[in-house]
Amino acid sequence: MADPDPDPESEPESVFPREVGLFADSYSEKSQFSFCGHVLSITQNFGSRLGVAAGVWDAALSLCSYFESQNMDFRGKKVIELGVPLTCISPPSSLSGGDVTITDLPLALEQIQGNVQANVPAGGQAQVRALSWGIDHHVFPGDYDLVLGADIVYLEPTFPLLLGTLQHLCGPHGTIYLASTMREEHGTESFFQHFLPQHFQLELVQRCEDENVNIYRARHREPRPA
């Protein structure tokens, strides 16, 4: 017969885990990543308020690895990163000599700023600004050499807004790099097959089967002859 009053201290740890922060509304984790000769210390703040803006996504890591494999030269380049889940792309760009602007919605800026301060020395060319696609992109210049994004293509209603923002930000001779997890349920493939080719020459430069991540490079189409 079972003991009607079991001793709570004797309950198995597996039944009542005592992990700190398990039921907390939010918690933080610190991770280190190494790219382009730089070790980055990234703090991830998880919680309902930040949602998808909390973590480092596989697509961001894939894009960083791609840049490293290509010996990407950021020196003197004007760079903007869109919709940063966690900025592990922009600090190496800044540390490698790029003039970097890091953007996301206002609620994510505090987390981004903290990671920038932890990885980019004072005086480094990296600024953090709010940007809502299709709304206030015109307050940014339209002459960026590099426009970067990782896992920002996942909400179909935002596709036209993102496309218009890319058109504005990418300079006449600029290049866009987008890394995306190819989620069929989010219409990601549709953006790259139907939306982006309307205005850009598109090339698939890397496919990671294990992570289901594609990396695309896009440039403005050459103007048609008169």
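Based on the Cα atoms of the range 107-207, what semi-axes does the equivalent ellipsoid have, where each is the square root of 5 times one gyration tensor eigenvalue, given in whole Å with the largest first? Numbers along the way, then the final one.
On the way: eigenvalues 123, 54, 42 Å².
For the range 107-207, the semi-axes come out at 25, 17, 14 Å.
I'd like to compare 194-204, 150-160: which one has the highest average count of other Cβ atoms within 10 Å, and what's the full order after that? Don't jump to the answer; show the numbers that get you there.
Numbers: 194-204: 14.4, 150-160: 18.8.
The most tightly packed comes first, giving 150-160, 194-204.
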May I ask for log10 I(q)/I(0) of the range 160-209 at q = 0.31 Å⁻¹, from a Debye sum over the Cα atoms as equal point scatterers with solvent left out? -1.45
Based on Cα positions only, what radius of gyration and what Dmax would you give for the range 129-187, in angstroms? 11.8, 34
Under 16 Å by backbone N from the virtual spin label 7 Å along Cα-to-Cβ at His194, the residues of the range 130-144 are none
Once phi is turned into ³J(HN,Hα) by the Karplus curve 6.51 cos²θ - 1.76 cosθ + 1.60 with θ = phi - 60°, what whole-Hz value does each residue of the range 193-198 show in order, with x for glycine and proline? 8, 10, 7, 4, x, 4
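Every number in this text was worked out from the coordinates using simple rules, so none of it is lab data. Predicted model, so just to flag it, every value in this text is computed and none were measured. Every residue, glycine among them, receives a Cβ derived from its backbone with ideal geometry; neighbour counts consider all protein chains shown.
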